[in-house]
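Report on one structure; see the data block that follows.
The values are calculated or read from the model by the stated rules, or taken from the named source; none is laboratory data. Being a predicted model, the structure only gives us computed values, none of them experimental. Cβ: placed from backbone, ideal geometry, glycine included. Neighbour counts: every protein chain shown. These accessible areas exclude ligands, DNA and RNA; they are computed on the full protein's heavy atoms, side chains included. Shrake-Rupley method; radii C 1.70, N 1.55, O 1.52, S 1.80 Å.
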Amino acid sequence: MTSSSQAHTGQTPAPSAEAEALHRALFTLDSHIDIPWPDRGDAFEDTEARRVDLPKMQKGGMSAGCFVAYIAQAKVDAEGHAEAQAQCLAMLDVINGMQGSQNGVTARVCSTVAEIEAAYQAGVLAVIPAVENGYAMGDDPAVLAQFRARGARYVTLTHNGHNALADAAVHRPSLGDKPENHGGLSALGREAVRHMNRLGLLIDVSHASKKTMLQAVAASAVPVVASHSCVRTLCDHPRNLDDEQLDALKASGGVIQITAMPAFLKPRDGEAPRSAGVADFVDHIDYVVRRIGVEHVGISSDFDGGGSLADWQNATQGVNLTAELLRRGYDRSEIAAFWGGNFMRLLGQAEAVAEQTGTIG
Ligand SMILES: [Zn+2]
């Protein structure tokens with residue numbers, strides 16, 4: 001193997017024919033993908049500028065992806081809230097444009113389990129909108145209904161920096177943050193959780209502080225998701241979940257979606273540039289499985305939001321992850337649970353609670 005081909009396949013050998021066949025046969029969902037902003041209208045083009053576009057998903061045997069309207073944290077004031085809300089709605093509109101047929105690829109925006117399953121049965125890519133940062137609702141939980149009306153299925157309570165809803169794992173002194181502003185969820189944040197439950201929006205605790213996360217688990221009528229986080233015991237980063245948090249996920253039925261962010265996967269080795277591969281990623285899956293069980297862990301890339309591994313650099317290379325899971329001895333049903341089954345269970349639970357208590361569009 002030449003060094004250049006090694007650079008493409010990273011630490012793992014080429015996937016076996018068995019892994020290729022299994023990967024193609026599975027429903028595969030990536031729970032956290034960013035979109036370029038401002039929009040370039042290139043979702044249907046296979047472009048080097050994106051780690052995930054619809055042609056790469058099709059080529060890589062991906063079935064579904066949660067595409068997020070990511071709003072950077074800025075000042076918590078009326079002006080900041082108005083800008084955040086406007087940008088979020090504009091980004092959700094762009095994500096809603098990721099459907100139809102172009103360049104030999106067909107995609108459909110889906111916002112219920114039934115719609116996602118129907119797209120999969122039809123051989124059509126499922127685009128699932130989501131919102132990253134509750135800052136986008138400002139101080140008005142009624143705005144959450146506008147996100148849901150645009151198909152969103154989860155809202156990440158915070159990004160880096162506290163907002164009006166909750167404290168984040170990483171505070172931002174430059175924005176005036178103290179280490180804690182609320183001691184977890186604010187009263188508004190608790191109200192937002194109730195609204196999200198009624199609307200069928202999952203509560204995403206990635207980026208949230210530990211107190212926020214544990215309080216959200218207790219406050220939500222639906223199990224929470226960490227849409228893109230890793231295991232703190234293996235890599236001591238504030239964005240990761242520690243054992244107490246994993247145990248809370250188990251007790252409540254929640255799910256952690258391990259993510260392809262080297263800084264969350266592996267402690268830095270001296271001065272060497274940080275890099276990680278699917279073997280490191282699956283170490284985190286193994287840990288969660290051993291501690292809380294197969295049904296509480298899934299897969300996210302955070303592609304186009306900073307995620308990338310040596311051997312999972314874009315949406316065409318997900319098979320390397322399936323191959324590593326097979327190598328570790330997981331069977332088809334377990335791999336299917338990681339690649340979307342567990343996340344879909346949560347979506348279904350959110351829909352059931354919304355049907356009992358509110359509306360789901
Ligand atoms: Zn993020």
Quiz item: Assuming Val217 fulfils every condition listed in (1) touching a residue at least 40 places away in the same chain (Cβ under 8 Å); (2) in contact with a Ser or Thr (Cβ under 6 Å, 6 or more places away or on another chain); (3) away from the ligand (no atom under 16 Å from the Cβ) apart from one, which condition is it?
Solution: (1)
Practice problem: Output the qualifying pairs, or none if there are none: Cβ atoms under 9 angstrom, residues six or more apart or on different chains, first residue in segment 243-268 and assigned to a strand (DSSP E or B), second residue of a type in the set (Asp, Glu) and buried (at least 16 other Cβ atoms within 10 Å of the Cβ). | Solution: Val255/Glu295; Gln257/Asp30; Thr259/Asp302
Quiz prompt | Pick from segment 49-62, criterion in contact with an Asp or Glu (Cβ under 9 Å, 6 or more places away or on another chain) and either in a loop (DSSP other than H, G, I, E, B) or at positive phi (or both), ranking: most open to solvent (accessible area, probe 1.4 Å) | solution = Arg51
Quiz item: What is the one condition in (1) in contact (Cβ under 8 Å) with a residue 60 or more places away in the chain; (2) open to solvent by 10 Å² or more (accessible area, probe 1.4 Å) that Gly277 does not satisfy?
Solution: (2)
Exercise. Might you let me know whether segment 175-198 holds any residue that is open to solvent by less than 60 Å² (accessible area, probe 1.4 Å), assigned to a helix (DSSP H, G or I) and of a type in the set (D, E, K, R)?
Key: no
Exercise. Enumerate the helices (runs of 4 or more DSSP H) found wholly within segment 307-361, keeping only those where 3 or more residues are open to solvent by less than 20 Å² (accessible area, probe 1.4 Å) and either closer than 22 Å to Ala17 by Cα or without any contact (Cβ under 8 Å) to a residue 60 or more places away in the chain (or both).
Key: 319-327
Practice problem: Only residues that are touching a residue at least 60 places away in the same chain (Cβ under 8 Å) and either surrounded by fewer than 19 Cβ atoms within 10 Å (Cβ to Cβ) or of a type outside the set (Gly, Ala, Ser) (or both): list them for segment 157-174, please. | Solution: Thr158, His159, Asn160, His162, Asn163, Val170, Arg172
Exercise. Would you point out which residue out of Ala130, Ala149, Ala208 is away from the ligand (no atom under 16 Å from the Cβ) and either in contact with a strand residue (DSSP E or B) (Cβ under 8 Å, 6 or more places away or on another chain) or touching a residue at least 40 places away in the same chain (Cβ under 8 Å) (or both)?
Key: Ala149
Practice problem: Give just the number: which of (1) part of a loop (DSSP other than H, G, I, E, B); (2) in contact (Cβ under 8 Å) with a residue 60 or more places away in the chain does Glu271 not satisfy? | Solution: (2)
Quiz item: Got a number for residues in segment 203-231 being over 15 Å from the mean Cα position of the chain (by Cα) and either among the charged types (D, E, K, R) or in a helix (DSSP H, G or I) (or both)?
Solution: 10
